[in-house]
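First comes the structure, then the notes that go with it.
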Amino acid sequence: MTVQRLTLEHFRNYTHLEADFHGGVNVIVGENAQGKTNLLEAIGYLSSGGSHRARNHRELVQFGCDRARVTGKLWNGQRELVLDAQLPVGARRKFTCNGVGLKTLGELSGLLPSVLFCPEDLHLIREGAGVRRRFLNDCICQLRPRYAMALSNYRRLWEHKTRILRDCGEKPSLMYALDAFSQQMAEYGAILIHYRAHFVKRLQETAPAIHADCSGGGEVLDLSYHTVSTVTDPLAAPKVILEQLLDHMERHKQAEIHSRSCLSGPHKDDLVLDINGQSAKGFASQGQTRTAALALKLAARDIMFQDTGQWPVLLLDDVLSELDRRRQEFVLNRIPTGQVFITCCEVEKEELLEQGKVFHICQGALQEE
Ligand code: ATP
Ligand code: MG
């Protein structure tokens, strides 16, 4: 799927914008605070019905205005699709596809698949396991509805069990329900582990090659999935994993009661990343951190393509800074097929671009070169 034309009305710092994009690489060049991220945000909004940095749609409406509108004319190689989002301040937003109103946000899913890389994604490498679990959850939920269902049940049970453990000192009767919650959490937990292990296996098959390509073959990225210690084979069938999870929970029951928190289960999983045999979290340089985060995102995009036959639109916000010339050249010219939007500040980057379109952006106005 590609975005052929984007029209914005009173969206962030854009009063009115109409832009026609290239089906391959589009480079958006501009100084700070001119509207580069806002443009990617608008495309991301049509894709997911949400923004990676706004809590509600009111923030997206230009200051002093009462409504915003984002319209995308899309092309999937065979037919044209017009996606439209109307964002009135203080009222419900409305999405239409070819003029037909969408009843739920779920109906938006799959119409304009996208993968976003933003500066916050560097946390994937540098921060704690929670960020990487969120990455795995986001990716697998998009591909596997059964996983999304298991995850939401697991979270509900986790909250309930956490409350029991917290309050059972004052209300010992709550303890009777503890084993039943542990059992159910293990059942859903086994499904999560099974799907995560299979997704990480696919990442292992894809991400290291992308990382090697980007770094010129000089670096080896290694990924491994860490889960509950009693699970001998996370790729096994959920019913095999279930027994091993129950065993772990039983062994940690006293510790859970003592610490008044859930200690056992895949809510502590991690995706461990090494570069050249060293922990990426502890030792990666700025450029290596960026390369590894980008490799993960590009690998997720590959996997989405393998499953759906469609290349998700790739939105790369400020990915080029801190990369050396070779790595910049990889981002601009070596990402295979599909539509890509790349924002950057420095003008000389465009000299590296072999094919595609360059746009200059100044105070919410876009000019094609
Ligand atoms: P940088 O290179 O620093 O990342 P950028 O080009 O990505 O800059 P944006 O994040 O797109 O900049 O923001 C551009 C401008 O839009 C900012 O000055 C911001 O204050 C402004 N802006 C954000 N929200 C609104 C809004 N609702 N109405 C009007 N202007 C807004
Ligand atoms: Mg920005």
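Of all residues in segment 167-194, which are out of contact with any helix residue (DSSP H, G or I) (no Cβ under 8 Å at 6 or more places or on another chain) and farther than 16 Å from residue 252 by Cα? Matches in segment 167-194: 169, 170, 171, 172, 173, 176.
I'd like to check which helices (runs of 4 or more DSSP H) are fully inside segment 160-271 and have at least 1 residues that are under 23 Å from the mean Cα position of the chain (by Cα) and basic (Lys, Arg). Lay out the reasoning, then the answer.
Details: elements: 178-215, 238-251, 253-259.
Per the criteria, 178-215.
Can you work out which of the residues in segment 37-95 that are basic (Lys, Arg), at pLDDT 95 or above and over 18 Å from residue 105 (Cβ atoms) is farthest from ligand 1 (Cβ to nearest atom)? So, considering only residues that are basic (Lys, Arg), at pLDDT 95 or above and over 18 Å from residue 105 (Cβ atoms), the one farthest from ligand 1 (Cβ to nearest atom) is 73.
Only one of 132, 196, 144 is free of Cβ contacts under 8 Å to residues at least 60 places away in the same chain, within 26 Å of residue 309 (Cα to Cα) and more than 16 Å from ligand 1 (Cβ to nearest atom); which?
Details: 132 fails: free of Cβ contacts under 8 Å to residues at least 60 places away in the same chain; 196 fails: free of Cβ contacts under 8 Å to residues at least 60 places away in the same chain.
Answer to the check: 144.
Which of the following residues is surrounded by 15 or more Cβ atoms within 10 Å (Cβ to Cβ), of a type in the set (D, E, K, R), under 17 Å from residue 265 (Cα atoms) and under 28 Å from the mean Cα position of the chain (by Cα): 144, 132? Lay out the reasoning, then the answer.
On the way: 144 fails: under 17 Å from residue 265 (Cα atoms).
Testing whether each residue is surrounded by 15 or more Cβ atoms within 10 Å (Cβ to Cβ), of a type in the set (D, E, K, R), under 17 Å from residue 265 (Cα atoms) and under 28 Å from the mean Cα position of the chain (by Cα) leaves just 132.
For segment 1-111, the strands (runs of 3 or more DSSP E) that sit wholly inside it and include 1 or more residues that are charged (D, E, K, R), more than 20 Å from residue 313 (Cα to Cα) and assigned by TED's automatic domain parsing to the domain that holds residue 342 are 2-11, 67-75, 94-97.
For segment 174-233, a residue qualifies if it is over 30 Å from residue 285 (Cα atoms), acidic (Asp, Glu) and surrounded by 17 or more Cβ atoms within 10 Å (Cβ to Cβ), and exactly one does: 187.
Scanning segment 96-120 for residues that are among the charged types (D, E, K, R) and either exposed (fewer than 13 other Cβ atoms within 10 Å of the Cβ) or modelled with pLDDT of 95 or more (or both) turns up just one, 103.
Being assigned to a loop (DSSP other than H, G, I, E, B) and either closer than 22 Å to residue 110 by Cβ or in contact (Cβ under 8 Å) with a residue 40 or more places away in the chain (or both) is a condition met by no residue of segment 285-298. Taken residue by residue, segment 206-228 has no member that is of a type in the set (D, E, K, R), at pLDDT 95 or above and farther than 30 Å from residue 328 by Cβ. Note on segment 5-36: among residues that are more than 26 Å from residue 331 (Cα to Cα) and β-branched (Val, Ile, Thr), the one that is nearest to ligand 1 (Cβ to nearest atom) is 15.
Could you count how many residues in segment 112-147 are in a loop (DSSP other than H, G, I, E, B) and more than 22 Å from residue 195 (Cβ to Cβ)? If you could, list the steps in order and put the result at the bottom.
Start the filter on segment 112-147 by keeping residues that are in a loop (DSSP other than H, G, I, E, B), which leaves 112-113, 118, 127-128, 144.
If we keep only those that are more than 22 Å from residue 195 (Cβ to Cβ) too, we end up with 112, 118, 127.
Residues meeting the conditions: 3.
Which members of segment 306-348 meet the condition of being among the polar types (S, T, N, Q) and either surrounded by fewer than 19 Cβ atoms within 10 Å (Cβ to Cβ) or more than 16 Å from ligand 1 (Cβ to nearest atom) (or both)?
Just the residues of segment 306-348 that are among the polar types (S, T, N, Q), to begin with: 306, 308, 310, 321, 328, 333, 337, 339, 343.
306, 308, 310, 321, 328, 333, 337, 339, listed by residue number.
Looking only at segment 43-92, count every residue that is of a type outside the set (S, T, N, Q), within 16 Å of the chain's Cα centre (by Cα) and within 16 Å of ligand 2 (Cβ to nearest atom) and tell me the total. Steps first, please.
Step one: of segment 43-92, the residues of a type outside the set (S, T, N, Q) are 43-46, 49-50, 52-55, 57-61, 63-70, 72-75, 77, 79-85, 87-92.
Narrowing further to those that are within 16 Å of the chain's Cα centre (by Cα): 43-46, 49-50, 52-54.
Filter once more, so that each one left must be within 16 Å of ligand 2 (Cβ to nearest atom): 43-45, 52-54.
So the answer is 6.
For segment 114-128, a residue qualifies if it is in contact with a Leu (Cβ under 8 Å, 6 or more places away or on another chain), away from ligand 2 (no atom under 16 Å from the Cβ) and not hydroxyl-bearing (Ser, Thr, Tyr), and the qualifying residues are 115, 124, 125.
The values are calculated or read from the model by the stated rules, or taken from the named source; none is laboratory data. Since the model is a prediction, treat every value here as computed from it, not as a measurement. Virtual Cβ from ideal backbone geometry, glycine too; neighbours counted across all protein chains shown.
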